[in-house]
Amino acid sequence: MGAKYATVEALSETLDVPVSARHRRKVLRALDVGSRAVDSLCGRGLGGFWPEVRTRSFDWPAPAHPAPARLWLDEPEHVALTTITSGGTTLDPASFVLYPDGGPPFDHVEVDRSSNTSLGLGDTPQNDVAIAGVWGYDLHVEAAGALSAAVVSSSATTIDVTDSAAVGIGDLLTLGTERLTVTDKRWTDTGQDTTGALADSTAAVSVGVADGTLFAAGEVLLVDSERIRIEDIAGNTLTVERAADGSVLASHLTGASLFAGRRLVVERGAYGTTAATHLIAAVISRHVYPSLVVELAIAEAVVTLQQQGAGWASKSGTGDHTADVEGGGIEALRARCKSRHGRSTRHQAV
């Protein structure tokens, strides 16, 4: 199973429908279906757009082959080279050139002809070359807050973060050299309370706190049983959307505790990395997939959910409310994504 190219939150925003904890598993399945559909469309059945640390072995042509110097990597493509060996002999990575020049992703490697390096050093051409490093599409990441508590065990399955808006369910995160996948979010006390009462009115959108720097625009907070979404922050005043995500508008007393979904349930040591301990305030980054890949994964997931709701029929609803659930409008997006990010199939050759 590969990475999900979009989050539960992104799909919820697209549908304009809040995804309850009860339905998250169903939505995650739809996102996985959508992501694998993108892989298939773009010719990435053996490795998709996520980065994975691994070693791959390749046959090197027999000596009778005319002066070989190029190795096509097929799929997945290469992102960052760590080591390369031939016949068990470690070679200098600087003696090799990765192509295309604009990569990653790199689809083939050549021996630098100005060096004295050569391949085919083993007794047999079978699996003569081993290339270790990061495979996939790229290593594009963006900042996603930091740890609000140390991770003291490599077997811990939850981490606490400073910004729940920067991370979504389904995201691939990086902490140091470890990658983690987010499978769920849980509410945790922010340590901040309201400094004033809140009326049960949608016009009451100012929430006072002791320290506004501990919050982020876009975060959803839980106060009593009402969810409020932070729209803006000015000093220690949060401007919020009341009764967010379908919750019930209510009044709240001064000193009401504010909770946020900052406890992440994670799968540790993802995609060839090793689970480790991490210090408090360690910087978190999230992997960023190409925009067309994200949009198509969401679109495919939406179609999947619609077809599930329609019993896999081609239409849902009746009369004027009949809707097409075959995803006809998705074809142009599929074509654009394949044109931009699809790879040409190729047999390994020199």
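Which of rounded, prolate, oblate describes the chain, given a ≥ b ≥ c as roots of the alpha-carbon gyration tensor eigenvalues and a/c under 1.5 marking rounded, otherwise prolate only if a/b is larger than b/c?
On the way: a/c = 3.16, a/b = 1.72, b/c = 1.84.
Because a/c hits 1.5 or more and a/b fails to exceed b/c, the chain counts as oblate.
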3J(HN,Hα) from dihedral phi, the stretch 258-267, Karplus parametrisation 6.51/-1.76/1.60, rounded to Hz, x for glycine, proline: 10, 10, 9, x, 9, 9, 9, 8, 9, 9
Heavy-atom surface of the stretch 122-258, accessible at 1.4 Å and reported per residue (Å²): 44
Helix 24-41 axis, angle to the chain major axis (alpha carbon atoms, nearest 10°): 30
FRET E, pair L139, L249, Förster distance 56 Å, beta-carbon r, rounded to 0.05: 0.80
Accessible area of the chain belonging to carbon and sulfur atoms, whole % at 1.4 Å probe: 50
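I want the local charge near A143. Using Cβ-Cβ distances under 13 Å, sum +1 for each Lys or Arg and -1 for each Asp or Glu among the other residues.
Details: positive: R286; negative: E142, D163, D171.
Charge balance in the 13 Å sphere: -2.
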Amide H within-cut-off set for G45, under 5 Å, with H built and near neighbours excluded: none
Listed residues T158, T124, T183, most fluctuating in the chain (Gaussian network, C-alpha, under 10 Å): T124
Vicinal HN-Hα couplings computed from phi for the stretch 281-294 (Karplus, 6.51 cos²θ - 1.76 cosθ + 1.60; Hz; Gly/Pro x): 6, 4, 6, 10, 10, 10, 6, 10, 8, x, 4, 5, 5, 4
Relative contact order computed over the chain (Cα-Cα under 8 Å; 6+ residues apart), in percent: 22
Lysine pairs within the chain, Cα separation less than 25 Å, 8 or more sequence positions apart or different chains: 5
At most 10 other Cβ within 10 Å, DSSP loop - GluC sites (Glu not before Pro), the stretch 1-89: none
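DSSP loop (so not H, G, I, E, B), at most 12 other Cβ within 10 Å: list which chymotrypsin sites (Phe, Trp or Tyr not before Pro) in the stretch 85-144 pass both filters. Numbers along the way, then the final one.
Values: sites: F96, F106, W135, Y137; in loops: Y137.
When the chymotrypsin sites (Phe, Trp or Tyr not before Pro) of the stretch 85-144 are filtered for loop state and at most 12 Cβ neighbours within 10 Å, nothing remains.
By the scheme Lys and Arg +1, Asp and Glu -1, what is the net charge of all other residues having a beta-carbon under 12 Å from that of V205? Intermediate values should be presented prior to the final figure.
On the way: positive: R229, R242; negative: E231, D232, E241.
Cβ neighbours under 12 Å give a net charge of -1.
For the stretch 98-192, rounded, prolate or oblate, judged on the Cα gyration tensor with a ≥ b ≥ c (square roots of eigenvalues), a/c < 1.5 rounded, else prolate if a/b > b/c? Each step should come with its number before you reach the end.
Working: a/c = 3.76, a/b = 2.60, b/c = 1.44.
Prolate is the answer for the stretch 98-192, as a/c is 1.5 or above and a/b outweighs b/c.
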Within the chain, helix-based [θ] at 222 nm, where runs of 4 or more DSSP H residues each add -39,500 (n - 2.57), nearest 500: -5000 deg cm²/dmol
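The values are calculated or read from the model by the stated rules, or taken from the named source; none is laboratory data. Just so you know, these numbers come straight off a predicted model, no measurement behind them. Note that each Cβ is placed from the backbone with ideal geometry, even for glycine, and that neighbours are counted across all protein chains shown. For the accessible areas, the whole protein counts, side chains as well, though only heavy atoms, and no ligand, DNA or RNA atoms are used. Shrake-Rupley method; radii C 1.70, N 1.55, O 1.52, S 1.80 Å.
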